[in-house]
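Q: The structure that follows is given in the form of structure tokens.
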Amino acid sequence: PELLRKGRFDEIFFVDLPGEEARRRIFEIHLGRRKRDPKGFDMDRLVADSVAYSGAEIEQAVISSLYEAFAAGGEVDTEGVSRALKGSPPISVTMRERIAALRQWASGRCVPAG
């Protein structure tokens with residue numbers, strides 16, 4: 001507790017799962033890093049399909065869809081990324097109770113951060 005008091009650290013931040021705009025930007029970043037133009041993807045669909053996914057899970061869906069497309073001799077597309085998302089339940093589902101407990105603990109104790 002002494003390490004968390006005011007004066008040791010300015011604030012304690014809580015970073016929750018990314019919202020719509022953050023998920024859109026995460027897709028843009030990870031598609032771009034893999035030399036894919038985000039404009040060639042239905043970003044509205046990917047953002048909708050990735051509700052409750054973390055940034056790392058979104059990145060892994062992009063990577064997984066690239067492997068799948070390569071193995072099939074094709075190119076990654078919106079459908080492939082969406083399929084990769086749906087094929088791997090997010091930690092917010094598999095650890096629902098622990099995430100809820102963490103959110104409850106952070107409420108009023110931490111500064112929300114995105």
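Q: Consider residue 50 against the criteria (1) polar (S, T, N, Q); (2) surrounded by 13 or more Cβ atoms within 10 Å (Cβ to Cβ); (3) farther than 18 Å from residue 22 by Cβ: it satisfies all of them except one. Which criterion is unmet?
A: Every condition holds for residue 50 apart from (3).
Q: Return a yes/no flag: does region 47-58 have any residue that is in contact with a Phe, Trp or Tyr (Cβ under 8 Å, 6 or more places away or on another chain), among the acidic types (Asp, Glu) and either modelled with pLDDT of 95 or more or over 13 Å from residue 26 (Cα atoms) (or both).
A: No; the residues of region 47-58 include none that is in contact with a Phe, Trp or Tyr (Cβ under 8 Å, 6 or more places away or on another chain), among the acidic types (Asp, Glu) and either modelled with pLDDT of 95 or more or over 13 Å from residue 26 (Cα atoms) (or both).
Q: Taking region 30-45 on its own, how many of its residues are open to solvent by less than 60 Å² (accessible area, probe 1.4 Å), out of contact with any Lys or Arg (no Cβ under 8 Å at 6 or more places or on another chain) and under 21 Å from residue 114 (Cβ atoms)?
A: 4
Q: All but one of (1) touching a residue at least 24 places away in the same chain (Cβ under 8 Å); (2) surrounded by 12 or more Cβ atoms within 10 Å (Cβ to Cβ) hold for residue 83; state the number of the condition that does not hold.
A: So residue 83 meets the others, but not (1).
Q: So which pairs qualify, if the first residue must be in region 97-111 and more than 17 Å from residue 11 (Cβ to Cβ), the second must be open to solvent by less than 60 Å² (accessible area, probe 1.4 Å), the Cβ gap must be under 7 Å, and the two must be at least 6 apart or on different chains?
A: Within 7 Å, the pairs are 99/92.
Q: Looking at 61, 100, 71, 113, which is the one that is open to solvent by 70 Å² or more (accessible area, probe 1.4 Å) and of a type in the set (A, V, I, L, M, F, W, C)?
A: Matching residue, one of 61, 100, 71, 113: 71.
The values are calculated or read from the model by the stated rules, or taken from the named source; none is laboratory data. All values reported here derive from a predicted model rather than from experimental measurement. Note that we place each Cβ from the backbone using ideal geometry, even for glycine, and neighbour counts take in every protein chain shown. The protein model used for the area step is the full one, side chains on, heavy atoms only, and it has no ligands, DNA or RNA in it. Shrake-Rupley method; radii C 1.70, N 1.55, O 1.52, S 1.80 Å.
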